[in-house]
Amino acid sequence: MDPNQPRSESTHNPKDLPRWLWIGLVPLPALIMLVAGLVDMDVYEALRRKEGPIEWATAGVLPFGIFAAIVAFRRRAVFPAKWLGAWMIICACGMFYFMGEELSWGQHIFKWEAPDAIKEINRQDETNLHNINTFLGRKPKYVIELWTIVGCMAVPLIRKMRSNKPDPRTSAGPWFWPTLVCLPTAIMAQVVYAPTRIARRMYEDEPGWLRLSELQELYFAIALVLYTASIAVRAGSMPKPEAPTTQNESE
């Protein structure tokens, strides 16, 4: 493609995920929890408990993100930088680790008993890493939360206000940074955990029913899925780079 030719709207703004997906469906988990809490606290507790439906939903959505990352990797020819293909593999591995930790690497499915060596260091007798110590349990979550605040909220809004938008054919930024499709999910991840943060400041031992960490983790997972799915869809809507012509063909 001749760089001197005017950019087409479809090339400069490749097709992204439909709004009904990243706006319409995102509030549903929080609404379900809210309705359950108003109608029946037993149902609410069953939903939010560890190894409950919310945690299973977190593990259930992540394979879609892994698949999307693999699809995006297969479409890497449209990326303006080679490292973006490697980044998709890193994202897929990260989501696989996230899913494995949520399921305690199969323990929640097959109901095996953790080995004695694991029990000695894991405070919940589970075959996972995030319950071994606070570093492994909290630091990865802090990283994802920072990514949702900066990458999914601040960056898309700043880029939306800019008049000069980077060309995805030549700039890696539009591919590395999330688009607006992740914004509602990132906002929900903060909103649903706000009662927990407030309760911890108000009470020495906050009420258990306000602990909504599992719901926040679900929204973190949804944000990751939307991120890789957006890249895969946009990569699929971009025209493939033209192969360089030989001298004989150009004459």
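Would a scan of the range 154-165 turn up a residue that is polar (S, T, N, Q), closer than 30 Å to G236 by Cβ and at pLDDT 90 or above? No: zero hits.
What pairs can you find where one residue is in the range 14-39 and at negative phi, the other is outside any helix (DSSP H, G or I), and their Cβ atoms are less than 7 Å apart, with a gap of 6+ or different chains? Between residues of the range 14-39 that are at negative phi and residues that are outside any helix (DSSP H, G or I), the close pairs are P14/P168; P14/M238; D16/T179. Looking across the range 191-206, the residues that are surrounded by 14 or more Cβ atoms within 10 Å (Cβ to Cβ) and touching an Asp or Glu at 6+ places or on another chain (Cβ under 8 Å) come down to T196, A199. Report yes if A221 is in contact with a Gly (Cβ under 8 Å, 6 or more places away or on another chain), among the small types (G, A, S) and surrounded by 23 or more Cβ atoms within 10 Å (Cβ to Cβ), otherwise no. When the stated conditions are applied, A221 passes them. A residue that is aromatic (F, W, Y), touching a helix residue (DSSP H, G or I) at 6+ places or on another chain (Cβ under 9 Å), part of a helix (DSSP H, G or I) and over 30 Å from A77 (Cβ atoms) cannot be found anywhere in the range 157-176. In the range 168-196, the residues that are over 23 Å from W87 (Cβ atoms) form Cβ pairs under 9 Å with partners that are surrounded by fewer than 20 Cβ atoms within 10 Å (Cβ to Cβ) and polar (S, T, N, Q), at six or more places apart or across chains, as follows: Y193/S213; T196/S213.
The values are calculated or read from the model by the stated rules, or taken from the named source; none is laboratory data. Since this is a predicted model, take the numbers as computed values, not measurements. With ideal geometry, Cβ positions are generated from the backbone for all residues, glycine too; neighbour counts draw on all protein chains shown.
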